[in-house]
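Written below as structure tokens is the structure these notes are about.
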Amino acid sequence: MTETIIFMGTPDFSVPILKRLHDEYQVAMVISQPDKPVGRKRVLTSPPVAETAKALNIPLFQPERIRDEAALEKIAEIKPDLIITAAYGQILPKALLDIPPLGAINVHASLLPKHRGGAPIHRAIMEGDTETGVTIMYMAEGLDSGNIISSRRTPIEDQDDTGILHDRLSAIGGDLLMDTLPDIFSEQNNSIPQDSELVTVSPNISKADEKIDWTRDAREVFNHIRGLSPWPGAYTEIEDKRLKIYEVKISESTPKEMNYIPGTIVDTTPEGITIVCGDGGTIEAITVQIAGKKRTTAIEFATGRQVVGTVLGQVE
């Protein structure tokens, strides 16, 4: 028996998963979000999964609204045995979930029930988690609320940022899906309900989330910055301009004075600039980008500027 599979996904995270799936099982259709204008010139651009579908010659469907009757009818015509989603970006209606006889499953980048929602990778780092992982779950009408089929863990190290962890979890997701599908197709798999008392929600990153609060402890600031690196980037203000900080580390140095205002640049080192936080601890910014300029090292940024003593985050 050859199973008919529809894959639904949109961003880069989903691409390795789609490739692994298609190599093994031959995907009948890919569903992705519509093309959107990108950049200053507003060039109409396909999402990464759509581009991958085209490259693999898989039939592609990009409905504006997945719940529209015409979209549901088109999907039903394929007669899928199973629908697999990974970061698709729209809530799937019950009418769609009921189409495949084997159900619809989702590859989610967290250890559910923790970090339901659209930004589980960012927020796992931002909240100081020491581990995360991937969960494969049956889809239900609620937000990431279906029964758990399988999961796989990975530690979060200090050198991890969202970009590094994103790529690792995507690879884990592809491996876990390949290991899980045989039991789903043979209908031998088990699943367990999520523990409602352990649920946390990780909504998409807002503009307000991007601003650095220097009054927080150094470890919290460190987690916040790397949780938003390389996208969308955590920012502060200097010279009445936004300064994004990307690469960062916990500094070993402690200011000689203890009365610095949080956000004060207290030193420069061969690697970066040292900034004091609310608990008196410091972080070291390694790569930065001021508004209107290219990303650079913090040392290059500091060259020609009297940065020591400057208080970041103050707008005149």
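Quick notes on this one:
- Looking at Asp213, Asp183, just one residue is acidic (Asp, Glu) and more than 30 Å from Gly142 (Cα to Cα), and that residue is Asp213.
- With respect to being out of contact with any helix residue (DSSP H, G or I) (no Cβ under 9 Å at 6 or more places or on another chain) and either of a type in the set (A, V, I, L, M) or surrounded by 19 or more Cβ atoms within 10 Å (Cβ to Cβ) (or both), Leu228 falls outside the description.
- Considering Tyr246, Tyr260, the condition of being of a type in the set (Phe, Trp, Tyr), farther than 28 Å from Arg40 by Cβ and not assigned by TED's automatic domain parsing to the domain that holds Pro120 is satisfied by Tyr260 alone.
- Taking first residues from the range 23-34 that are under 20 Å from Gln90 (Cβ atoms) and among the hydroxyl-bearing types (Ser, Thr, Tyr) and partners that are at pLDDT 95 or above and not in a loop (DSSP other than H, G, I, E, B), the Cβ contacts under 6 Å between residues at least 6 apart in sequence or on separate chains come to Ser32/Val49; Ser32/Ala50.
- Residue list for the range 248-264, filter: out of contact with any helix residue (DSSP H, G or I) (no Cβ under 8 Å at 6 or more places or on another chain) and in contact (Cβ under 8 Å) with a residue 40 or more places away in the chain: Ile261, Pro262, Gly263, Thr264
- For beta carbons closer than 9 Å, sequence separation of 6+ or different chains, a first residue in the range 165-186 that is in contact (Cβ under 8 Å) with a residue 40 or more places away in the chain and more than 30 Å from Pro230 (Cα to Cα) and a second that is in a helix (DSSP H, G or I) and among the hydrophobic types (A, V, I, L, M, F, W, C), the qualifying pairs are Leu181/Leu21.
- Hits in the range 109-132 - residues which are surrounded by fewer than 23 Cβ atoms within 10 Å (Cβ to Cβ) and of a type outside the set (Ser, Thr, Tyr): Leu111, Pro113, Lys114, Arg116, Gly117, Gly118, Ala119, Met126, Glu127, Gly128, Asp129, Glu131
- Selection from the range 238-279 of residues that are farther than 20 Å from Thr303 by Cβ and in contact with a Leu (Cβ under 7 Å, 6 or more places away or on another chain): Gly263
- Within the range 281-292, the set of residues being part of a loop (DSSP other than H, G, I, E, B) and either at pLDDT 95 or above or buried (at least 17 other Cβ atoms within 10 Å of the Cβ) (or both) comprises Gly281, Ile286.
- Scanning the range 230-259 for residues that are part of a loop (DSSP other than H, G, I, E, B) and farther than 18 Å from Gly313 by Cβ returns Pro230, Trp231, Glu247, Glu252, Ser253, Thr254, Lys256, Glu257, Met258.
- Residue in the range 195-205 that is over 15 Å from His115 (Cβ atoms), touching a residue at least 60 places away in the same chain (Cβ under 8 Å) and either part of a loop (DSSP other than H, G, I, E, B) or among the β-branched types (Val, Ile, Thr) (or both) present: no
- Residue within the range 21-28 that is in the same structural domain as Asp179 (by TED's automatic domain parsing), of a type in the set (Gly, Ala, Ser) and either in contact with a Leu (Cβ under 8 Å, 6 or more places away or on another chain) or surrounded by fewer than 17 Cβ atoms within 10 Å (Cβ to Cβ) (or both) present: no
The values are calculated or read from the model by the stated rules, or taken from the named source; none is laboratory data. What you are looking at is a predicted structure, and each value in this text was computed from that prediction instead of being measured. Please note: Cβ atoms are built from the backbone with ideal geometry, for glycine as well, and neighbour counts cover all protein chains shown.
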